[in-house]
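Below: one structure, written as structure tokens.
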Amino acid sequence: MASEIFTEKWARAWDKKINENDAYRKAAANWEGAIVLVMAADEGFGIAADRAVIADLWHGECRQARVADEQDLGSAPFVIRATPATWKEVLAGQMDPIFGLLRGKLKLAKGSVFALVPYAAAAKELVVSASRVDTSFPAGWH
């Protein structure tokens with residue numbers, strides 16, 4: 001059964017997909033910390049308010065993924081923000097997340113691109129894991 005994008009149910013499914021991803025496990029062997037993904041509010045896409053999910057990452061394992069709160073936005077080393085249209089492209093595999101960051105389609109709202117570069121392969125695998133979640137979209141999504 002599909003989970004609506006960037007909700008608690010979706011985050012739990014993402015957590016499972018991350019932990020099932022052997023390529024992620026290998027690429028993230030040295031990654032400690034968290035990453036928050038933020039989807040900007042966009043009424044045209046049925047997203048009334050910003051949505052954010054956080055993944056607590058520890059040496060190739062996701063200890064927990066869930067909806068992020070204000071404290072998470074302040075404490076996570078990396079916060080990546082994008083529009084619903086951009087996240088749709090990324091999750092469909094139509095946009096590489098690192099390329100999206102470099103082009104400014106994905107915004108690194110917190111953290112440094114240089115600090116993220118060593119984890120580029122792991123970041124891509126986080127997106128691959130997200131793309132494997134059976135995802136539904138709000139009414140009005142186009």
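Taken together, the values in this text are just the output of simple stated rules run on the coordinates, not laboratory data. Source: prediction; values computed, not measured. Cβ atoms come from the backbone with ideal geometry, glycine included; neighbour counts cover every protein chain shown.
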Positive-end residue, the chain charge dipole about Cα centroid, Cβ charges, pick of Ala23, Ala52, Ala85: Ala23
Under 5 Å, built H, 5+ apart or other chain: amide partners of Thr83: Ala40
May I ask for the angle, rounded to the nearest 10°, between helix 8-19 and the longest principal axis of the chain, with both axes built from Cα atoms and the value confined to 0 to 90°? 30
With θ set to phi - 60°, apply the Karplus curve 6.51 cos²θ - 1.76 cosθ + 1.60 along the range 57-71 and write out the HN-Hα couplings as whole Hz, x wherever there is a Gly or Pro. 9, 8, 6, x, 10, 9, 6, 5, 10, 7, 5, 7, 10, 4, 4
What is the dipole size for the range 69-135, taken about its Cα centre, with +1 at each Lys and Arg Cβ and -1 at each Asp and Glu Cβ, in debye to the nearest 20? 280
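Expected output is a single nm value to one decimal: the length gained when fully extending between Ala2 and Val67, i.e. 0.36 nm times separation in residues minus the C-alpha distance. What is it? Intermediate values should be presented prior to the final figure.
Working: separation 65, 0.36 × 65 = 23.40 nm, distance 1.67 nm.
Going from the current span to full extension adds 21.7 nm.
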Specify the inter-centroid distance of the range 50-89 and the range 110-142, based on alpha-carbon positions, in whole Å. 9
Between helix 120-131 and the chain, what is the angle of the helix's C-alpha long axis to the longest principal axis, kept within 0 to 90° and rounded to the nearest 10? 40
Assigned charges on the beta-carbon of Lys, Arg, Asp, Glu; the range 3-133 dipole about Cα centre (debye): 300
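Using a Förster radius of 25 Å, what is the FRET efficiency between Asp42 and Leu102 based on their Cβ-Cβ separation? Nearest 0.05, please.
On the way: r = 23 Å, r/R0 = 0.91.
Once rounded, the FRET efficiency stands at 0.65.
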